[in-house]
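One structure is given here, and the rest of the page talks about it.
The values are calculated or read from the model by the stated rules, or taken from the named source; none is laboratory data. Note that the structure is a prediction, hence the values are computed from the model and not measured. For neighbour counting, all protein chains shown are included, and Cβ atoms are generated from backbone atoms with ideal geometry for every residue, glycine included.
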Amino acid sequence: MTGLISHPVSSLKGVARAPGDKSISHRSLMFGALAEGETVISGLLNGEDVLHTGQALSAMGAEIHPATEPGGTWRVKGIGATGLKTPRNTVYLGNSGTSTRLLMGVVGGYPIHATFTGDASLSKRPMGRVIKPLAQMGVQFEASHGDMLPLKIIGSGQLRPIEYTLPVASAQVKSAILFAALHAEGETTVIEPEPTRDHTERMLRFFGAEIESRNDNGANIIKLKGLPRLTGQPVTVPSDPSSAAFLTVAALITKDSDILIPGVSVNPLRAGLYDTLRDMGADIVFENQRELSGEPVADIRVKSSALKGVTVPKSRVPSMIDEFPVLSVAASFAEGDTYMSDLKELRVKESDRLLAIAKGLTACGVLADMGDDDLTVHGRGQPPGGCMIAANLDHRIAMSFLVMGMATREAVSIDDAETMNTSFPGFAALMNSLGAKINPAA
């Protein structure tokens with residue numbers, strides 16, 4: 001493992017483009033593969049998780065041509081009515097839970113079979129919540145103990161439409177059902193207890209499917225008509241708000257900072273962190289708001305700010321579930337207590353993120369109280385730092401504590417930098433271009 005150390009700096013200034021949105025990148029490859037004709041994708045995240053999605057689809061018959069130069073376009077020639085084919089070998093998906101869960105729905109709609117496996121972290125993550133609805137539709141599974149990987153999916157060309165109420169708000173489970181529902185004659189209904197990120201629904205419309213969503217007393221009801229004809233489209237992937245979050249918090253907590261992050265997705269179902277930071281007193285402005293490929297986009301300007309502790313509304317949690325590690329860092333520099341609840345989903349991410357956050361904050365000299373699904377961060381201004389953090393194969397933990405080290409009294413180290421390549425290749429170099437000082441650990 002290669003470690004990094006982040007030293008305190010005086011300010012961050014400049015323009016920095018965050019990588020392409022990971023969620024949209026995954027889905028653009030999947031829909032491009034399933035559609036008729038060619039899909040041309042610009043801005044795709046060239047991270048390990050997305051590359052695993054592309055490799056899996058290629059193994060099942062899609063024709064995917066990666067960009068030939070950094071920042072170039074990807075071309076996907078879809079299989080259309082031809083259909084996916086059984087891959088010759090086991091499909092390795094690295095550390096990507098999104099690839100795994102969404103592709104379970106994709107594979108389930110064809111009369112083929114595929115076995116998925118992953119790294120040590122992914123192999124500990126539960127798949128039962130996806131298996132249950134897909135099995136009701138007619139997909140069969142052979143899972144390892146605890147419904148974990150390795151996992152064999154046995155698809156069907158004749159799936160049944162279902163009405164399914166998600167027991168827990170999860171965009172991945174919802175999306176897996178919707179992918180499978182493309183091959184179910186009739187209407188499939190998914191009911192969310194509260195809305196989650198809607199990139200799948202937006203992209204289904206963009207590629208030509210008939211889908212509707214409506215709110216009913218807080219619940220989100222989605223109806224998809226099966227057997228649509230999907231047609232390849234030009235897709236522009238905006239920058240990932242979850243990746244931009246690290247740049248944002250770094251600027252907020254580092255004195256005399258002023259940065260611009262262009263072309264970021266500001267989808268309302270992904271913007272919970274930015275709403276929360278504004279509640280804390282953050283100087284964040286969305287400039288040049290516009291729409292690209294069905295997604296709202298803006299340039300985000302951030303200036304260093306004096307933050308105060310807040311209670312995060314429970315209703316906001318699904319829209320910022322990936323950002324709680326870096327929000328906890330921001331809360332460490334605030335004055336007063338920040339309370340976060342309904343965080344049980346953090347315990348089944350790349351690591352037990354809730355525990356990793358609490359341990360990391362404590363190591364940095366921050367008082368944090370952790371419950372089964374909640375966390376209170378007692379902000380008292382600038383934390384001491386001066387510690388080594390175990391990343392636990394979790395890219396968001398690694399980047400969050402490197403951000404923290406930019407503004408603590410002493411440097412903060414992480415033990416494993418390689419994990420950041422899953423979502424943010426070149427993170428250290430980009431931060432250093434703004435004035436950070438992230439170096440290889442001795």
Count - residues of segment 34-57 that are assigned to a helix (DSSP H, G or I), within 19 Å of Pro234 (Cα to Cα) and touching a residue at least 60 places away in the same chain (Cβ under 8 Å):
1
Of the residues that sit in segment 325-373 and are touching a strand residue (DSSP E or B) at 6+ places or on another chain (Cβ under 6 Å), of a type in the set (A, V, I, L, M, F, W, C) and part of a helix (DSSP H, G or I), which one is surrounded by the fewest Cβ atoms within 10 Å (Cβ to Cβ)?
Ala363
In this structure, is Thr100 under 19 Å from the mean Cα position of the chain (by Cα), modelled with pLDDT of 95 or more, surrounded by 17 or more Cβ atoms within 10 Å (Cβ to Cβ) and not assigned by TED's automatic domain parsing to the domain that holds Asp299?
yes
Output yes when any residue across segment 211-220 is within 24 Å of the chain's Cα centre (by Cα) and crowded, with 24+ Cβ neighbours inside 10 Å, and no when none is.
no
When restricted to Ser413, Ser423, Ser400, the only residue under 27 Å from Lys13 (Cβ atoms), surrounded by fewer than 24 Cβ atoms within 10 Å (Cβ to Cβ) and of a type in the set (Ser, Thr, Tyr) is Ser413
Looking for something more than 30 Å from Thr53 (Cβ to Cβ), modelled with pLDDT under 95 and either part of a loop (DSSP other than H, G, I, E, B) or not assigned by TED's automatic domain parsing to the domain that holds Thr311 (or both) - is there at least one such residue anywhere in segment 400-407?
no
Test result for Lys124, modelled with pLDDT of 95 or more, surrounded by fewer than 22 Cβ atoms within 10 Å (Cβ to Cβ) and either basic (Lys, Arg) or on the phi > 0 side of the Ramachandran plot (or both)
no
Looking for whichever is closer than 30 Å to Pro262 by Cβ, at pLDDT 95 or above and surrounded by fewer than 19 Cβ atoms within 10 Å (Cβ to Cβ) here; the options are Arg316, Arg290. Which one fits?
Arg290
If we scan segment 11-25, do we find a residue that is part of a helix (DSSP H, G or I), in contact with a Leu (Cβ under 8 Å, 6 or more places away or on another chain) and either under 19 Å from Leu178 (Cβ atoms) or not assigned by TED's automatic domain parsing to the domain that holds Thr408 (or both)?
yes
What's the number of the condition Pro87 fails, among (1) under 24 Å from the mean Cα position of the chain (by Cα); (2) surrounded by 18 or more Cβ atoms within 10 Å (Cβ to Cβ); (3) of a type outside the set (D, E, K, R); (4) modelled with pLDDT of 95 or more?
(1)
Residues that are touching a strand residue (DSSP E or B) at 6+ places or on another chain (Cβ under 8 Å), modelled with pLDDT of 95 or more and closer than 21 Å to Thr276 by Cβ: does segment 381-393 have at least one?
no
Total residues in segment 308-324, condition part of a helix (DSSP H, G or I) and not hydroxyl-bearing (Ser, Thr, Tyr):
9
Residue count, segment 412-442, condition closer than 29 Å to Arg380 by Cα, among the aliphatic types (A, V, I, L, M) and either in a loop (DSSP other than H, G, I, E, B) or in contact with a Pro (Cβ under 7 Å, 6 or more places away or on another chain) (or both), comes to 3
Would you pick out the residues in segment 177-191 that are crowded, with 23+ Cβ neighbours inside 10 Å, assigned to a strand (DSSP E or B) and either of a type outside the set (A, V, I, L, M, F, W, C) or modelled with pLDDT under 95 (or both)?
Thr188
If you take the residues of segment 229-274 that are over 17 Å from the mean Cα position of the chain (by Cα) and part of a loop (DSSP other than H, G, I, E, B), which of them is farthest from Ser305 (Cα to Cα)?
Arg229
Among the candidates Pro111, Pro70, which residue alone is closer than 19 Å to Leu182 by Cβ, more than 20 Å from the chain's Cα centre (by Cα) and surrounded by fewer than 17 Cβ atoms within 10 Å (Cβ to Cβ)?
Pro111
